[in-house]
Amino acid sequence: MGDVGDTFNDWKAHNKAIRAYYGVPCPQCKIGRPKTNASILLPGQRCKIDKYVDPRPRLSEDQIKAACTANNAPYFERTR
Ligand SMILES: [Zn+2]
């Protein structure tokens, strides 16, 4: 047992590392809702609240790998 939980925690650490490295606060949220926390957007991601799309190109596998290495997080290959 415990395998599922470990995988889940690995995924969480993985996603956290990528967000810490490449995530930026949505500029549209800052304008529209300056008192609340802005959504954190990854390259190419769309804000769920105001539909702002981050203009940066999507992350390559190498960029994702670099973020995981820098944050000591597990790396998973994206299958899609
Ligand atoms: Zn936003």
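Throughout, read-outs are computed from the coordinates displayed, never taken from laboratory work. Keep in mind the model is a prediction, meaning the values are calculated, not measured. Neighbour counts are summed over all protein chains in view; Cβ atoms, including those assigned to glycine, are modelled from backbone coordinates with ideal geometry.
Across region 1-52, the relative contact order, built from alpha-carbon pairs under 8 Å that are at least six residues apart, equals 30 percent.
By the rule of a C-alpha distance below 12 Å, with chain neighbours fewer than 8 residues away ignored, no aspartates and glutamates are paired with LYS51. The residue list PRO55, ALA70, PRO25 was ranked by how far each Cα lies along the charge dipole of region 16-70 toward its positive end, using unit charges on Cβ atoms, and PRO25 comes out on top. The trypsin sites (Lys or Arg not before Pro) of region 14-76 meeting both criteria, a DSSP state outside H, G, I, E and B (loop) and at most 14 other C-beta atoms within 10 angstrom of the site's C-beta, are LYS35, LYS48, LYS51, ARG58.
With a ≥ b ≥ c the root eigenvalues of the C-alpha gyration tensor of the chain, is it rounded (a/c under 1.5), prolate (a/b larger than b/c) or oblate?
It comes out prolate by the Cα gyration axes.
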